[in-house]
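S.K.: Pasting a structure below so you can have a look.
A short reminder: the numbers here are calculations on the coordinates, not readings from a lab. The shown structure was predicted, so the numbers you read here are calculated from the model rather than taken from an experiment. Ideal geometry is used to build each Cβ from the backbone, glycine not excepted, and the neighbour counts take in all protein chains shown.
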Amino acid sequence: MNNPVLVLNSVSKYFENAGETLKILDDLNLEVFQSTKNMIYGESGCGKSTLLNIIGGLDTPTSGTIKAGKYQIEQMDETALTQYRSVFLGLVFQFHYLLKDFTALENVMLPAYMTGMKKKQAVERAKTLLQDVKLENRMNHYPAQMSGGERQRVAVARALVNNPALVLADEPTGNLDPSNAETVRDILFSVVSQYNNTLILVTHDQGISSYADNCYRLQQGKLILQ
Ligand SMILES: Nc1ncnc2c1ncn2[C@@H]1O[C@H](COP(=O)(O)OP(=O)(O)O)[C@@H](O)[C@H]1O
Ligand SMILES: [Mg+2]
């Protein structure tokens, strides 16, 4: 088998709350292999965002180790983490976080341009991705001129613009009605498959498990393979 893209070894995250210790992640282990689509299902408040934030270097574990590609996450400083996020990761959240004064095309090309791609190339790459997410007719529209589903599709295109090894999606369809949620989900899985990216998607919606290669349940701080 090829080397894993991501290895979590005995990761714990505790929060102190009113003198009580909440064990959100408890000695959790995970191996994720290249080009697989992984879904983590769990009830609201079980620690899904905490787990993705730790993998994304946005939060730190209480204990344990996280290795993503060549990066040993828990040992890295903020500068190294910023570099890791911009070259290794693509992030999609429940909220789109698009820049409101920039068009869809500009929002998608910016992460590529800011990490050193020539402007012309970044524009071409962004156009291709916007076609992939079926927004070729919306390239010059601003976020306010698009629907919630379209904005999330722009966010998916932006997450993939640097061809990240690992895409982390935190309830990317959580703010959408069922029909738009299905469209965005189909598009996310299809572009990730097309470019052979590795995906970890967390959700409280069990309905999408049939799309994933591996499906886990996060319960009592541990991942259980379904
Ligand atoms: N900074 C924090 N301090 C204390 N408790 C927190 C903090 N962040 C998250 N929690 C708690 O950790 C639990 C898991 O939160 P979260 O990872 O956001 O869950 P999910 O994404 O699965 O809904 C929740 O009970 C939440 O209240
Ligand atoms: Mg969450």
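S.K.: I need VAL123, VAL184 ordered by Cβ neighbour count within 10 Å, fewest first.
M.R.: Listing VAL123, VAL184 from fewest to most nearby Cβ atoms yields VAL123, VAL184.
S.K.: Pairing the Cα long axis of helix 119-132 with the longest principal axis of the chain, what angle in degrees results, from 0 to 90 and rounded to the nearest 10?
M.R.: 80 degrees
S.K.: Enumerate the whole-percent occupancy of each 10 Å bin, from 0 to the last occupied one, for all C-alpha pair distances of the stretch 1-108.
M.R.: P(r) over the stretch 1-108, rounded to whole percents: 12, 39, 34, 13, 2.
S.K.: Continuing with the same structure: From the Cα gyration tensor of the stretch 100-217, with a ≥ b ≥ c the square roots of its eigenvalues, which class applies: rounded if a/c is under 1.5, or else prolate if a/b is larger than b/c, or else oblate?
M.R.: Note, shape of the stretch 100-217 comes out oblate.
S.K.: According to the square roots a ≥ b ≥ c of the eigenvalues of the Cα gyration tensor, what is the shape class of the stretch 102-163, taking rounded for a/c under 1.5, prolate for a/b larger than b/c otherwise, and oblate for the remainder?
M.R.: prolate
S.K.: Expressed as a rounded percentage, what relative contact order does the chain have, with Cα pairs under 8 Å and six or more residues apart?
M.R.: 30 percent
S.K.: Something else: Based on other C-beta atoms within 10 Å, arrange VAL156, VAL192 from fewest to most.
M.R.: VAL192, VAL156
S.K.: Give the order of SER210, SER10 when sorted by the count of other beta carbons within 10 angstrom, beginning with the fewest.
M.R.: Ordered from fewest to most neighbouring Cβ atoms within 10 Å, SER210, SER10 come out as SER210, SER10.
S.K.: Which of rounded, prolate, oblate describes the chain, given a ≥ b ≥ c as roots of the alpha-carbon gyration tensor eigenvalues and a/c under 1.5 marking rounded, otherwise prolate only if a/b is larger than b/c?
M.R.: Judged from the Cα gyration tensor, the chain comes out prolate (a/c at least 1.5, a/b above b/c).
S.K.: Here's a follow-up. Relative to the longest principal axis of the C-alpha atoms of the chain, give the angle of the C-alpha long axis of helix 104-114, reported between 0 and 90° and rounded to the nearest 10°.
M.R.: Rounded to the nearest ten degrees, it is 60.
S.K.: Based on the alpha carbons, how large is the Rg to Rh ratio for the stretch 151-213 when Rh follows Kirkwood?
M.R.: Looking at the stretch 151-213, the ratio lands at 0.92.
S.K.: Also, quick follow-up: Gap in Å between the Cα centre of the stretch 156-206 and the Cα centre of the stretch 23-73?
M.R.: 17 Å
S.K.: Still on this structure, I have one more. Can you tell me the orientation of helix 78-88 relative to the chain, as the angle in degrees between its alpha-carbon axis and the longest Cα principal axis, to the nearest 10?
M.R.: It works out to around 60 degrees.
S.K.: Taking H placed 1.01 Å from N in the peptide plane, check which residues at least 5 places from GLY90 or on another chain put their amide H under 5 Å from its amide H.
M.R.: Here LEU166, VAL167, LEU168 satisfy the definition.
S.K.: Rounded to the nearest 5, what % of the DSSP beta bridges within the chain are antiparallel ones?
M.R.: In the chain, approximately 55 percent of DSSP beta bridges are antiparallel ones.
S.K.: With 23 Å as the limit, write out which pairs from LYS23/LYS70; LYS37/LYS134; LYS67/LYS119; LYS70/LYS100; LYS67/LYS127; LYS100/LYS134 have Cα-Cα distances beyond it, or answer none.
M.R.: In this structure, LYS23/LYS70; LYS67/LYS119; LYS70/LYS100; LYS67/LYS127 lie more than 23 Å apart at Cα.
S.K.: List every residue whose amide H lies under 5 Å from the amide H of LYS222, counting only residues 5 or more places away in sequence or on a different chain, with H placed 1.01 Å from N in the peptide plane.
M.R.: ASP26
S.K.: Also, quick follow-up: For the ranges 15-28, 91-104, 131-144, what's the packing order if you count other beta-carbon atoms within 10 Å of each residue, average per peptide, and put the highest first?
M.R.: So the peptides 15-28, 91-104, 131-144, ranked by packing, come out 91-104, 131-144, 15-28.
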